[in-house]
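Reading through the structure tokens given below for one structure.
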């Protein structure tokens, strides 16, 4: 039976020494996480240029959505598959897929090839960032994970924030294709370093053929298919048919049946979602990611509406990744020293709420420094929150379920932005077609559909005076920013259901893996 095979991962994680080779391997994973996160936002400043070259606006939404769909649809598989085949081989394979995807984008000559490349890059990027997290968790005791995971979070938030900056700078210097091509050697280097420095895992006597038999093919296919159909549906601008949504629901129901009744080694141990901390952490990261990505894609529009160039906009966006890095480092350091994270599960989401509400109050006449302050505040909150959520989840479950459970958390973090950006996009377009709240505006501007050419859009803009168009866009942006603030408030509410667990100073295994396991962990008193 599959469950009787010798596990690939060492059964004694507490015996793994944190040597300089392991540290070098973890740093290699951190580099991969940075470029994977940067790739998720690198198109935000390239969209107009790429749309102009391919003579279509329809491609804009898919530049970001294609990457996120590939990432979210396959990320749930990375935990179990890396358990079966090993962290090192799985990470190396992910870096190769990521490299292939970005090279495909860089040399694409058709829209279809470019979108396909974004999906492939998303699959590889999701694997790079998630498996790097598993490697850290395998080697570092819970109490000290805060400072180590904070480095990964700094890389992730820094990559998200710098992606737009780097994309715009490379486009100005070399052209948009090099923004994708330059990521390839970095990811190959990260994979090579991981191959060299990460010590070989215990393979046992299990052959490759027997490991293939351990894969839950039915659960894998139905889960990936259902997520892909759902994400394609929510990212489609015209949803005239609900067939994809119906098929997604049907396939997900089949997936649940397979996991609960037939799978010998489920891709996702669904019992962990019965634990309050795990479920609350997953929902919190989903809603907060909706907030952050909505702001990340629409704050640049606000800055450009105020007359800033692409390069100037990139510089004005830097407070967010700076705040994210500082927030993650602060939370990681304090939790490693104190062994507690209770107060941070309140402070960090509150910062996101304050920052997003502040952005929603901006106007075209607001002092420019306000936008930078609000970006820093919600960036600080998000960077620290990602560290808190990961620590809370890992402290609430047994060690043998940490990789698969972490993959669930990361999947929610990937699905959130796709849903949030889709809803925000619909709201933005609808408000553009509504009368502005400005009493000086008269009439109604009809927004052209996304199938027109990029040149036609420029002509459309030229048909209206700039004041009227600024007011219309600001009206639409206000609605989008208010939606982001609403997402943040829901995420803050979810964070309040996260329980406070003691962060152990050693790597230990617990036998109890059921929903009641969380209640068996020593818990801290709630913060006053």
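See the values below:
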{"item": "Test: residue in the stretch 395-406 that is in the same structural domain as residue 132 (by TED's automatic domain parsing) and touching a strand residue (DSSP E or B) at 6+ places or on another chain (Cβ under 8 Å)", "result": "yes"}
{"item": "Given (1) outside the structural domain of residue 68 (by TED's automatic domain parsing); (2) closer than 30 Å to residue 428 by Cβ, index of the condition residue 292 fails", "result": "(1)"}
{"item": "Residues within the stretch 293-326 that are more than 20 Å from residue 171 (Cβ to Cβ) and without any contact (Cβ under 8 Å) to a residue 60 or more places away in the chain, tallied", "result": "1"}
{"item": "Top-ranked residue of the stretch 162-187 - restricted to ones that are surrounded by fewer than 16 Cβ atoms within 10 Å (Cβ to Cβ) and in contact (Cβ under 8 Å) with a residue 60 or more places away in the chain, ranked as farthest from residue 52 (Cα to Cα)", "result": "178"}
{"item": "Criterion (modelled with pLDDT of 90 or more, surrounded by fewer than 21 Cβ atoms within 10 Å (Cβ to Cβ) and out of contact with any strand residue (DSSP E or B) (no Cβ under 8 Å at 6 or more places or on another chain)) met by exactly one of 286, 281, 249", "result": "249"}
{"item": "Sole exception among (1) surrounded by 16 or more Cβ atoms within 10 Å (Cβ to Cβ); (2) part of a helix (DSSP H, G or I); (3) under 23 Å from the mean Cα position of the chain (by Cα) for residue 315, by number", "result": "(1)"}
{"item": "Residue match in the stretch 193-215 (condition: under 23 Å from the mean Cα position of the chain (by Cα) and more than 23 Å from residue 74 (Cα to Cα))", "result": "no"}
{"item": "Residue check for residue 61: surrounded by fewer than 24 Cβ atoms within 10 Å (Cβ to Cβ) and more than 16 Å from residue 181 (Cα to Cα)", "result": "yes"}
{"item": "Which numbered condition residue 250 fails, given (1) more than 18 Å from residue 411 (Cβ to Cβ); (2) in the same structural domain as residue 403 (by TED's automatic domain parsing)", "result": "(2)"}
{"item": "Options 129, 225: the member that is modelled with pLDDT of 85 or more, in the same structural domain as residue 311 (by TED's automatic domain parsing) and closer than 19 Å to residue 71 by Cα", "result": "129"}
{"item": "Set 477, 394: member being in a helix (DSSP H, G or I) and modelled with pLDDT under 85", "result": "394"}
{"item": "Residues (closer than 23 Å to residue 140 by Cα and without any contact (Cβ under 8 Å) to a residue 60 or more places away in the chain) located in the stretch 331-364", "result": "337, 338, 344"}
{"item": "Number of the condition not met by residue 341 [criteria: (1) in contact with a helix residue (DSSP H, G or I) (Cβ under 6 Å, 6 or more places away or on another chain); (2) part of a helix (DSSP H, G or I)]", "result": "(2)"}
{"item": "The lone exception for residue 194 - which of (1) in contact with a helix residue (DSSP H, G or I) (Cβ under 6 Å, 6 or more places away or on another chain); (2) modelled with pLDDT of 85 or more; (3) under 30 Å from residue 380 (Cβ atoms) it fails", "result": "(3)"}
{"item": "The listed residue being over 30 Å from residue 346 (Cα atoms), touching a helix residue (DSSP H, G or I) at 6+ places or on another chain (Cβ under 9 Å) and modelled with pLDDT of 90 or more, out of 242, 254, 267, 232", "result": "254"}
{"item": "Any hit, the stretch 94-113, residues being modelled with pLDDT under 90, closer than 18 Å to residue 42 by Cβ and surrounded by 24 or more Cβ atoms within 10 Å (Cβ to Cβ)", "result": "no"}
{"item": "Any chance residue 137 is closer than 28 Å to residue 103 by Cβ, in the same structural domain as residue 311 (by TED's automatic domain parsing) and either surrounded by fewer than 16 Cβ atoms within 10 Å (Cβ to Cβ) or under 25 Å from the mean Cα position of the chain (by Cα) (or both)", "result": "no"}
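Residues checked against (1) more than 28 Å from residue 114 (Cα to Cα); (2) surrounded by 23 or more Cβ atoms within 10 Å (Cβ to Cβ); (3) modelled with pLDDT of 80 or more; (4) in the same structural domain as residue 46 (by TED's automatic domain parsing):
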| site | (1), (2), (3), (4) |
| --- | --- |
| 133 | yes, yes, yes, yes |
| 141 | yes, no, no, yes |
| 144 | yes, no, no, yes |
| 155 | no, yes, yes, yes |
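The values are calculated or read from the model by the stated rules, or taken from the named source; none is laboratory data. Computed from a prediction, not measured in an experiment: that's the story for all the values here. Virtual Cβ from ideal backbone geometry, glycine too; neighbours counted across all protein chains shown.
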